[in-house]
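K.L.:
Input: one structure, supplied below.
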Amino acid sequence: MNEAYTTEMVQFRRRIHKRPEEGWTEFETMNIVVNRLRELGFKVVMGTKAVNPNFVMGRNPELVAKAMQRAKDHGVSQAFLDETEGYTGCVGIWETGRPGPVTLFRHDMDCVLVQESHDAQHESVAGGYCSERDGLMHACGHDGHTSVGLGVAHWIADHKDELCGTIKLLFQPAEEGTRGGLPMSESGLLDDVNYIICCHIGTNCQLGEIGICRKGFLATAKMDLTFTGTPAHAGSDPEKGRSALLAACNVATTLAGIPRSGQGDTRISIGKLSAGEGRNVVPVHAQMQIEVRGQTEAVNQYMVDNVERIVKGVSEAYGVDYTIEKVGAATNLETSPEVSDTLEEIAKTIPFVKRLVPSDGISGSEDCTWLIRKVLSHGGKAGFFIFGCNQTGHHKGTFEIQDEQSLPEAFEMLTRFLLIKNKVA
Ligand SMILES: [Zn+2]
């Protein structure tokens, strides 16, 4: 491959790595993406035309407002911020003007709430591009995903005379917490897509390895629960109180006892519970953050139904009010054998890909599954691959990706896919 693409991807990746942005606040990152896509001649769709606000989950308007101000202070123009309508996420569209399929690649842009290591040996410290923002880090490699998208964009512009059909590059916000995929899948921009390819760095693959995921990833629902009780003096008249804390504790233990399903794997995590006002007050407030997962959409729904019934029943028993807010969701991964076979064949032709790693049944969750589901729903085809890097674990401050070697793996997979599916006859 042309070294210039690698150099450029690495530069973008390190620039984005320095300024990590959490879900729904990726204004600086998106500004880099949109400017570059336009410079290359892509049409860009953004704002509520790319992200359907009716399907947005887990987006905090106050956090967004602060992020827009921060981006502005960091040189992003007001005109650009206005164009976003407050929603990060965009699609670059390249129309070749020749008949052919519509192919879409998805790249996520958000970071993780993790403090990056300041160890002198740590890759980004040694390279001088460590995160400038405390408590935020690209510890899942989405900076790499975004940069691969920009590298592929450049390649498309350079090779426009060899391509047919339409190519869409989708840059997604808020993958962490599985929040941004669904609203982009409902934008209408996926409705004409014939092929969708999604990918992720790391996970079970080392540098020089590619994994084709034919199925896997768990369907999931993330929920915030609140309980509101009745205050009372804990000594003089506790009988007049209704404890939100006790209700929440009972909900927590009852949820943990939801029977496993014979229809597929399930998970439940009670990740956070905070409650109460003080020692001698019957607790009025309790908040919980939970998530459930299931091997299929139906099994996940079984978990959600149980959560709803238990929260309702226990709240009634304790005489407290409750709310359940869905703040994230993903479905399980389904792909098309034809596309997976093509990806596998491509991987075998890339000189620096040494090994194909079996990658079905990965048990995390990924919300590109909504984008894929949308494309499959109208007869389009989908594939998912993992490109390797040597890492110490995702979502950890020591996460590293060896960008000079890992990013070309994904770049080659995607551009070679275009040379098969979108090649001028
Ligand atoms: Zn990730």
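K.L.:
How far is helix 244-256 tilted, in degrees, relative to the longest principal axis of the Cα atoms in the chain, given as a value from 0 to 90 rounded to the nearest 10?
P.N.:
50 degrees
K.L.:
Which angle from 0 to 90°, rounded to the nearest 10, does the C-alpha axis of helix 142-158 make with the longest principal axis of the chain?
P.N.:
30 degrees
K.L.:
Under a Cβ-Cβ limit of 4.7 Å, which cysteines in the chain have nobody to pair with?
P.N.:
Lacking a cysteine Cβ partner under 4.7 Å: CYS90, CYS111, CYS130, CYS140, CYS164, CYS199, CYS205, CYS213, CYS249, CYS389.
K.L.:
Ignoring everything but the protein chains, give the 1.4 Å probe accessible area of SER77 in square angstrom, nearest 10.
P.N.:
That residue has around 60 Å² of solvent-accessible surface.
K.L.:
On to the next question. Run the numbers for ARG279 and ASP82: contour at 0.36 nm per residue of separation, minus the present Cα-Cα distance, in nm.
P.N.:
66.1 nm
K.L.:
What Rg and what Dmax come out for segment 165-284 when only alpha-carbon atoms are used, in angstroms?
P.N.:
22.9, 76
K.L.:
Among GLN115, GLN295, GLN78, whose mean-square fluctuation peaks in a Gaussian network model of the chain (Cα, cutoff 10 Å)?
P.N.:
GLN78
K.L.:
Compute the orientation-averaged projected area for segment 24-114 from the convex hull of its Cα atoms and round it to one decimal in nm².
P.N.:
Orientation-averaged projected area of the Cα hull: 7.2 nm².
K.L.:
Can you give the Kirkwood hydrodynamic radius for segment 1-76, in Å, rounded to one decimal and based on Cα pairs?
P.N.:
For segment 1-76, inverting the mean 1/r across all distinct Cα pairs yields 14.2 Å.
K.L.:
At a 1.4 Å probe, what is the % contribution of carbon and sulfur to the accessible area of segment 167-294?
P.N.:
50 percent
K.L.:
Next question. Mind checking which aspartates and glutamates have their Cα closer than 13 Å to the Cα of LYS348? Skip sequence neighbours fewer than 8 apart in that chain.
P.N.:
LYS348 reaches GLU209, GLU409, GLU412.
K.L.:
In whole Å, what three semi-axes, largest first, describe the equivalent ellipsoid of segment 158-227 built from its Cα gyration tensor (square root of 5 times each eigenvalue)?
P.N.:
Value: 29, 21, 11 Å, ordered largest first.
K.L.:
Here is a follow-up. Modelled label-to-label distance, ARG267 and THR228, 7 Å Cα→beta-carbon offset: nm?
P.N.:
Result: 3.3 nm between the two label points.
K.L.:
How far, in nm, would the chain grow between THR392 and LYS312 when pulled straight, counting 0.36 nm per residue and subtracting the alpha carbon separation?
P.N.:
Here the segment from THR392 to LYS312 would lengthen by 24.7 nm.
K.L.:
Something else now. Among the lysines, select those whose C-alpha is under 17 Å from the C-alpha of LYS72, and discard any that sit fewer than 8 residues away in the same chain.
P.N.:
LYS18
K.L.:
Could you sort out which of LYS168/LYS374; LYS43/LYS160; LYS49/LYS215 sit more than 26 Å apart by Cα distance in this structure?
P.N.:
In this structure, LYS49/LYS215 exceed 26 Å between Cα atoms.
K.L.:
While we're looking at this one, here's another question. Give the Rg (one decimal place) followed by the Dmax (whole number) of the chain, computed from C-alpha coordinates and expressed in Å.
P.N.:
Cα radius of gyration and Dmax of the chain are 22.9, 85 Å respectively.
K.L.:
Pull up all non-local amide H partners of GLY328: gap of 5 or more, or a different chain, and H-to-H distance under 5 Å with H placed in the peptide plane.
P.N.:
The answer is LYS222.
K.L.:
Using Cα springs under 10 Å in a Gaussian network model of the chain, which residue among PHE42, PHE352, PHE385 shows the largest mean-square fluctuation?
P.N.:
PHE352
K.L.:
Among the lysines, select those whose C-alpha is under 18 Å from the C-alpha of LYS222, and discard any that sit fewer than 8 residues away in the same chain.
P.N.:
By straight Cα distance, LYS222 reaches LYS272, LYS312, LYS326.
K.L.:
To continue, here is another question. Accessible area per residue, 1.4 Å probe, Å², for segment 222-327: what's the number?
P.N.:
54 Å²
K.L.:
Dividing the alpha-carbon radius of gyration of segment 49-178 by 2.2 N^0.38 Å (N being the number of residues), what value is obtained?
P.N.:
Here the Cα radius of gyration is 1.24 times the empirical estimate.
K.L.:
Can you give the direction-averaged projected area of the convex hull of the alpha-carbon atoms in segment 222-327, in nm²?
P.N.:
If you wrap the Cα atoms of segment 222-327 in a convex hull and average its projections, you get 6.3 nm².
K.L.:
Using only the Cα atoms, work out Rg/Rh for segment 278-425, with Rh taken as the Kirkwood radius, to two decimals.
P.N.:
Here the Rg-to-Rh quotient is 1.13.
The values are calculated or read from the model by the stated rules, or taken from the named source; none is laboratory data. Note that the structure is a prediction, hence the values are computed from the model and not measured. With ideal geometry, Cβ positions are generated from the backbone for all residues, glycine too; neighbour counts draw on all protein chains shown. Ligands, DNA and RNA are stripped out before the accessible areas are found, and what is left, the full protein with its side chains, is counted by its heavy atoms. Shrake-Rupley method; radii C 1.70, N 1.55, O 1.52, S 1.80 Å.
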